[in-house]
1. Hand me the tally of lysine pairs in region 341-437: alpha carbons under 18 angstrom apart, and the pair either on different chains or 8 or more positions apart.
2. Does region 97-197 come out rounded, prolate or oblate by the C-alpha gyration tensor, with a ≥ b ≥ c the root eigenvalues, rounded set by a/c under 1.5 and, if not, prolate when a/b is larger than b/c and oblate if not?
3. Return the carbon/sulfur percentage of the accessible area of the chain, one whole number, probe 1.4 Å, all protein chains in place.
4. Charges only on Cβ, +1 for Lys and Arg, -1 for Asp and Glu: so what's the dipole of the chain about the Cα centre, in debye to the nearest 20?
5. How much of the DSSP beta bridge set in the chain is antiparallel, as a percent to the nearest 5?
6. Sort 193-201, 425-433 for me by packing, meaning the mean count of neighbouring Cβ atoms within 10 Å per residue, highest on top.
7. Using amide H atoms built 1.01 Å from N in the peptide plane, name the residues 5+ places from V206, or on other chains, whose amide H lies under 5 Å from its own.
8. Two decimals, Cα atoms only, Kirkwood Rh: what is Rg/Rh over region 202-275?
Amino acid sequence: MATALQEFLITLKEKVNIIDVASGYFTLERRGTAYWACCPFHHEKTPSFAINELDQFYHCFGCGESGDVIKLVREMENVEFIDAVKILAERVGLQMPQTGFDNQKTVELKRKRDVLLKIMNDCAHFYLDNLNSGKADEHINYILKRNIPANIVRKFGLGASLNFNDLPKFLLSKGYSRQDIVDSGAVNEVDGRLTDAQGGRLIYPVINAMDEVVAFGGRVLKKTDFAKYKNTKETLIFNKSKSLYNINLLKKLRKTQTIKEVIMVEGYMDTISLYQAGFKNVVASMGTSLTQEQARLIKRYTDTVLISYDGDGAGQKANMRGLEILKGEGLNVKVVPLPDGLDPDDVIKQRGAAGYQKCLDNAMPLIDFKLSALERGFDLSKAEDRRKYLSEAIKIVRTADSATEQEDLLKTLRDKTGITYESLSRDLNALPKQAVAEPAAEVRRRDLSTADLKASRTVIAAYLFGARYAVGDIDGVPFCNEVHEIIAKYLKSKKLMEEKVQPSELFEFFEENTPEYEELCRILDYSDGNALAGEVAEKSFYDCITKLKISSIDKRINALKAKSGSQREVSEKIAVAAEISRLIKQKEKLKSGEK
């Protein structure tokens with residue numbers, strides 16, 4: 001008997017089409033009965049990510065990522081299971097049930113998360129009220145000095161902390177526990193005393209893609225020994241390495257237009273200044289080194305990212321590893337050259353939107369930026385520096401994606417240094433062979449499984465995906481894996497109840513990041529229609545069943561032999577020998593193809 005929760009999830013999945021949901025995140029191309037795209041979970045140039053509309057699940061034939069529509073939303077929105085269900089329920093107008101979604105620990109975690117989000121939301125309103133209270137002269141003067149208009153102040157929810165004491169008192173008066181307000185990150189506790197973690201600062205709320213306030217950035221307004229900017233500490237609801245400032249407004253922008261590129265800046269004011277100037281496709285890394293999670297977050301919105309950090313060169317060079325991470329996730333990375341000493345906000349103020357657009361127009365590919373950054377460390381008018389520069393520059397050229405690009409870059413080096421193209425080319429070819437890691441896009445999961453396990457997968461997949469020849473009794477197949485046996489029971493129950501097999505339901509049977517879940521994903525490698533079609537596939541199916549039966553017999557024979565060796569009674573030994581003889585004959589019949 002299905003529980004209320006199970007019935008709700010069944011209803012939800014019936015009303016939601018995974019194709020409609022997926023097309024909101026990336027471009028799909030229909031080929032045959034499946035929809036294909038470049039995998040959003042690993043870098044690739046040739047699409048290997050397929051969505052099966054009939055059975056409502058996705059599977060990447062490259063990296064093996066698989067799931068149903070709920071998991072897709074979880075991964076793309078970076079949210080928990082319950083939040084993914086909420087998103088889908090709201091999409092189709094379903095009321096969420098009151099029943100619990102998981103065990104007690106998960107329920108408590110959800111309760112805690114909801115409380116922290118409510119605290120942060122109340123903090124944001126508290127800071128906003130402070131800004132409009134008539135007591136925030138310093139904060140208002142700073143906003144006026146930076147020429148931030150009232151509509152932008154409201155758009156980004158800017159606020160004011162007036163002191164270190166009012167916020168804790170306010171939150172306690174709302175009935176929150178001391179532990180919860182400390183755990184939110186909005187309040188610090190030192191020697192039993194609660195203080196506003198952003199005391200006295202101008203407040204920039206950090207809002208996630210779900211429009212939830214998860215953290216705050218604060219700027220000091222006076223000269224102080226403290227850091228100019230300060231972020232909320234990491235909490236249950238805030239992980240800076242997985243967050244981007246202004247991602248909420250970028251998400252809204254995507255609903256109104258196609259986002260060709262995203263501008264990545266470092267700080268809050270750069271973001272606000274560019275947004276105000278009309279560059280709404282902007283996000284900030286909030287001073288953190290770029291991470292894989294942030295790269296994947298950007299990739300949901302575009303394939304091209306323009307890095308627009310401060311124009312001092314040194315700062316940009318220090319973030320080289322982060323730029324490589326972006327490229328490694330399949331993003332087309334370009335670096336925006338800014339005048340030395342200026343940040344994007346300065347450029348907007350001094351040269352206006354048109355001046356900043358010129359900077360964007362001159363954005364250089366990552367490999368060109370590497371060469372430019374390298375050049376800053378050498379005086380090319382000096383022979384020794386020129387040689388050292390070329391030695392390093394050649395290594396960078398080697399990483400180019402194509403021979404054409406290498407040739408173009410070598411010509412640039414020739415023009416800069418006066419060294420002939422032929423000499424540069426010889427030096428490039430003379431470099432020691434480099435062990436180049438296979439691009440993640442093209443890496444296929446190595447399958448070191450036994451022949452029996454592969455045979456078992458072939459058979460269970462044929463039954464699961466309705467191959468025309470998989471018509472025999474599944475009970476007669478001795479599967480060699482527990483996951484396959486569970487799927488076999490599922491198929492049998494569907495047949496008895498005369499219900500349609502839904503492969504997407506299997507994702508609810510196995511916990512993620514377990515060997516069982518990985519085995520399910522291996523089986524889904526067979527979901528490509530061509531894998532189970534044709535005479536060759538049919539012959540393989542019957543051969544695999546025979547192999548499994550023979551292996552099962554071999555196991556029984558070995559077990560009987562072990563049993564025989566431990567028995568003392570002659571009669572028992574004779575009985576075991578007779579059974580072994582019978583099994584050997586049965587095995588020989590299978591080998592000869594007899595029925």
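1. 11
2. Oblate, since a/c reaches 1.5 and b/c is not below a/b.
3. Accessible surface attributable to carbon and sulfur in the chain totals 50 percent.
4. 280
5. Of those bridges, close to 75 percent are antiparallel.
6. 193-201, 425-433
7. For V206, whose amide H was placed from the backbone, the distant partners under 5 Å are V214, A215, F216, G217.
8. That ratio is 1.00, to two decimals.
The values are calculated or read from the model by the stated rules, or taken from the named source; none is laboratory data. Small disclaimer: the values here were computed from a predicted structure and weren't measured. Reconstructed Cβ throughout: ideal geometry from the backbone, glycine too, with neighbour counts over all protein chains shown. Just the protein is used for accessible areas: all its heavy atoms, side chains included, with ligands, DNA and RNA removed. Shrake-Rupley method; radii C 1.70, N 1.55, O 1.52, S 1.80 Å.
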